[in-house]
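S.K.: Quick one: the structure is below, and I'll ask about it shortly.
The values are calculated or read from the model by the stated rules, or taken from the named source; none is laboratory data. Keep in mind the model is a prediction, meaning the values are calculated, not measured. Neighbour counts run over all protein chains shown; Cβ positions are idealised from the backbone, glycine included. Just the protein is used for accessible areas: all its heavy atoms, side chains included, with ligands, DNA and RNA removed. Shrake-Rupley method; radii C 1.70, N 1.55, O 1.52, S 1.80 Å.
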Amino acid sequence: QVQLVESGGGLVQSGGSLRLSCAASGFTFSKYAMSWYRQAPGKDRELVATISTTGRRTNYADSVKGRFTISRDNAKNTVYLQMNSLKPEDTAVYYCNAAWSLTSYWGQGTQVTVSS
């Protein structure tokens, strides 16, 4: 069955770094654009970053540009989110998403907490 399993979240001080990973299985990973979303308490889920199937194109929310980097390894069926210069407002549950045509899969999320 389809699985997206996020890992790498945790508690970090402001200014610190974390690297999230999302391991995919059960579908043809290289056909899917991959994204990271996040949802803070009481807020809507928002798109953080997207990477194309080949990894050549990436897009970022304005709030994370210059601090976060999305990447993927199609040989390992894994997408990453390197998060640097973290701020308390980055605190949220981070979700991995795979999208192709009308099909979309979600992971269960990983908590990132940034203390001031």
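S.K.: Hey, among the residues in region 76-88 that are more than 12 Å from LEU18 (Cα to Cα) and outside any loop (DSSP other than H, G, I, E, B), which one's least open to solvent (accessible area, probe 1.4 Å)?
M.R.: VAL79
S.K.: Considering only region 104-116, state which residues are more than 15 Å from the chain's Cα centre (by Cα) and crowded, with 18+ Cβ neighbours inside 10 Å.
M.R.: VAL114
S.K.: Which of the residues belonging to region 89-116 are part of a loop (DSSP other than H, G, I, E, B), touching a Phe, Trp or Tyr at 6+ places or on another chain (Cβ under 9 Å) and polar (S, T, N, Q)?
M.R.: The answer is GLN108, and nothing else.
S.K.: In region 72-85, is there at least one residue being under 14 Å from GLU6 (Cα atoms) and touching a helix residue (DSSP H, G or I) at 6+ places or on another chain (Cβ under 7 Å)?
M.R.: yes
S.K.: Give region 7-32 a look and list any residue that's in a loop (DSSP other than H, G, I, E, B), over 15 Å from THR113 (Cβ atoms) and touching a residue at least 40 places away in the same chain (Cβ under 8 Å), or say none.
M.R.: PHE27, TYR32 - these are the residues of region 7-32 that are in a loop (DSSP other than H, G, I, E, B), over 15 Å from THR113 (Cβ atoms) and touching a residue at least 40 places away in the same chain (Cβ under 8 Å).
S.K.: Kindly indicate whether any position in region 33-48 is hydroxyl-bearing (Ser, Thr, Tyr), within 15 Å of the chain's Cα centre (by Cα), at pLDDT 95 or above and over 11 Å from TYR94 (Cα atoms).
M.R.: No; the residues of region 33-48 include none that is hydroxyl-bearing (Ser, Thr, Tyr), within 15 Å of the chain's Cα centre (by Cα), at pLDDT 95 or above and over 11 Å from TYR94 (Cα atoms).
S.K.: Name the single residue, out of those in region 18-29 being of a type in the set (Gly, Ala, Ser) and surrounded by 13 or more Cβ atoms within 10 Å (Cβ to Cβ), that is nearest to THR110 (Cα to Cα).
M.R.: SER21
S.K.: Also: Please determine, by comparing only the residues of region 62-75 that are under 24 Å from LYS31 (Cβ atoms) and assigned to a loop (DSSP other than H, G, I, E, B), which one is nearest to the chain's Cα centre (by Cα).
M.R.: Once the filter is applied, the top-ranked residue is ASN74.
S.K.: For region 89-103, does any single residue satisfy the condition of being over 11 Å from the mean Cα position of the chain (by Cα), open to solvent by 60 Å² or more (accessible area, probe 1.4 Å), modelled with pLDDT of 95 or more and under 18 Å from LEU4 (Cβ atoms)?
M.R.: Yes: one or more hits.
S.K.: Yes or no: LEU4 assigned to a strand (DSSP E or B), touching a residue at least 60 places away in the same chain (Cβ under 8 Å) and in contact with a Cys (Cβ under 7 Å, 6 or more places away or on another chain)?
M.R.: yes
S.K.: Considering each residue of region 33-53, count those that are assigned to a loop (DSSP other than H, G, I, E, B) and either open to solvent by 80 Å² or more (accessible area, probe 1.4 Å) or under 10 Å from SER71 (Cα atoms) (or both), and give that number.
M.R.: Matching residues across region 33-53 total 6.
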